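Notes follow the structure.
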Amino acid sequence: QAPLVESGGGLVQAGGSLRLSCADSSTDVMDWARQAPGKGREFVARFNATEGMTYWAEFVKGRFTISRDSAKNIVYLDMNNLKPEDTAVYYCKPLGSTDWGQGAQVTVSS
């Protein structure tokens, strides 16, 4: 399985929003994780399209949502009310894969 391609990262002020896209997503279960400078990879969410459920890390607290465009095989992570501590490289990965790819940089300024 080749790594998926994340896009949509960038620089945003605290309180702002960003949409990340995970392209070439053809599986029903997708994981999102992030890695801040000097820290290990951290779980963000698991989206299960078959169940129609999303499992969230506690720090999200209702700020993020996930959706899927099945026709285009794209999964979206919509991030709202961003905080400086959300600054990290964000990754997506289908269940069963071991390759996180290159990720997308998200930087939140105060």
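Values as computed for the structure displayed
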read-out	value
Selection from region 87-110 of residues that are small (Gly, Ala, Ser) and more than 16 Å from Ala45 (Cα to Cα)	Gly101, Ser109, Ser110
Meets criteria (closer than 20 Å to Val106 by Cα, without any contact (Cβ under 8 Å) to a residue 12 or more places away in the chain and exposed (fewer than 14 other Cβ atoms within 10 Å of the Cβ)) for Glu58	yes
Subset of region 36-55 that is open to solvent by 80 Å² or more (accessible area, probe 1.4 Å) and not charged (D, E, K, R) - its residue that is nearest to Glu6 (Cα to Cα)	Phe43
Residue list for region 80-94, restricted to those being touching a Ser or Thr at 6+ places or on another chain (Cβ under 6 Å) and either assigned to a strand (DSSP E or B) or within 13 Å of Thr27 (Cα to Cα) (or both)	Pro94
Only one of Ala33, Ala23, Ala14 that is open to solvent by 50 Å² or more (accessible area, probe 1.4 Å) and touching a residue at least 40 places away in the same chain (Cβ under 8 Å)	Ala14
Boolean, Asp28 is open to solvent by 30 Å² or more (accessible area, probe 1.4 Å) and either acidic (Asp, Glu) or at pLDDT 90 or above (or both)	yes
Pairs with Cβ under 8 Å, 6+ apart, first in region 79-97 and buried (at least 19 other Cβ atoms within 10 Å of the Cβ), second part of a helix (DSSP H, G or I)	Met79/Asp86
Extreme residue, most open to solvent (accessible area, probe 1.4 Å), among residues of region 61-78 that are within 12 Å of Leu20 (Cβ to Cβ) and not aromatic (Phe, Trp, Tyr)	Thr65
Filter result for the condition that a residue is without any contact (Cβ under 8 Å) to a residue 60 or more places away in the chain, over 17 Å from Ser26 (Cβ atoms) and out of contact with any helix residue (DSSP H, G or I) (no Cβ under 8 Å at 6 or more places or on another chain), over Arg63, Arg68	Arg63
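The values are calculated or read from the model by the stated rules, or taken from the named source; none is laboratory data. Since this is a predicted model, take the numbers as computed values, not measurements. With ideal geometry, Cβ positions are generated from the backbone for all residues, glycine too; neighbour counts draw on all protein chains shown. The accessibility values were calculated without ligands, DNA or RNA, using every heavy atom of the protein model including side chains. Shrake-Rupley method; radii C 1.70, N 1.55, O 1.52, S 1.80 Å.
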